[in-house]
1. Could you pull out every whole DSSP H run in the chain that spans at least 18 Å of Cα extent along its own axis and averages 1.0 or higher on the Kyte-Doolittle scale?
2. Considering only T43, P61, A74, whose Cα is most displaced toward the positive end of the charge dipole of segment 31-75, charges sitting on Cβ of Lys, Arg (+1) and Asp, Glu (-1)?
3. Please compute the per residue accessible area over the chain with all protein chains in place, 1.4 Å probe, rounded to a whole number of Å².
4. Return the FRET efficiency for the residue pair F138, A177: r is the Cβ-Cβ distance, R0 is 25 Å, and the value is rounded to the nearest 0.05.
5. With a 1.4 Å probe and all protein chains left in place, how much of the accessible area of the chain comes from carbon and sulfur atoms, in whole percent?
6. Once the other residues with Cβ under 13 Å from the Cβ of L131 are scored (Lys, Arg +1; Asp, Glu -1), what is the net sum?
7. Using the beta-carbon distance between Y38 and N160 and R0 = 45 Å, what value does 1/(1 + (r/R0)^6) give for FRET efficiency, to the nearest 0.05?
8. Quick check for me: using +1 on Lys/Arg Cβ and -1 on Asp/Glu Cβ, what's the dipole size of the chain about its Cα centre, in debye to the nearest 20?
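The values are calculated or read from the model by the stated rules, or taken from the named source; none is laboratory data. Remember, it's a predicted structure, so these values are computed and weren't measured experimentally. Positions of Cβ are backbone-derived with ideal geometry, glycine not excepted, and every protein chain shown enters the neighbour counts. Surface accessibility is based on the protein's heavy atoms, side chains included, excluding ligands, DNA and RNA. Shrake-Rupley method; radii C 1.70, N 1.55, O 1.52, S 1.80 Å.
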Amino acid sequence: MRTAVLTVTVDVLFESGFDALSIREIANRAGVHESSIYRGWGTKADLVSDALASRMGLEVPTPDTGSLREDLLALLRALAAFIGTPLGENVVRMALRRDLPDSDAARDRFWTDRFTRGSVILDRAEARGELRPGIDRFLTLETLVGPLYLRLLLTREPLNEAIIENVVDLMLTGIAAEHA
């Protein structure tokens, strides 16, 4: 049931946007009772946040290449590809809105989930001796992905391989262990 509801939620969100999204329509299309959705998620914002986090987890998985640099490159490549899709653009637009009911808590959970997943990369790198101990995981990830969102939202410069590699290499000069 959970998978069906989350899949349908993303479909409906993409088709009609958050404002027109209806729990009743999602329930009908997913073949579940409306009350099951309310019991499972409580609010429309929570449902959408969970659906987007679930989809983003599939679209932007946590890489494990055995190398901090390669993991960060893979993460940024996947993120750049995702935010260039219509669904990714929709996620960004929703994140920027301040007028959605119950959205602050849902937004916080969404980003905490994404940063927690990304922190695994840094945890593994520290265990391999590639990362200086004590690095703030969330700040590192915010700094890493910030240029992508800056280009997407403000400068509209391309998100190409060169910028991805430059961002990762610049980040590594600040966080890498001295011997790495």
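1. Helices meeting the criterion: 68-83, 161-175.
2. Comparing the listed Cα positions along the dipole, T43 ranks first.
3. 51 Å²
4. Efficiency at R0 = 25 Å is approximately 0.80.
5. 55 percent
6. Surrounding charge for L131 is -1.
7. Using R0 = 45 Å, I get an efficiency of 0.55.
8. 320 debye
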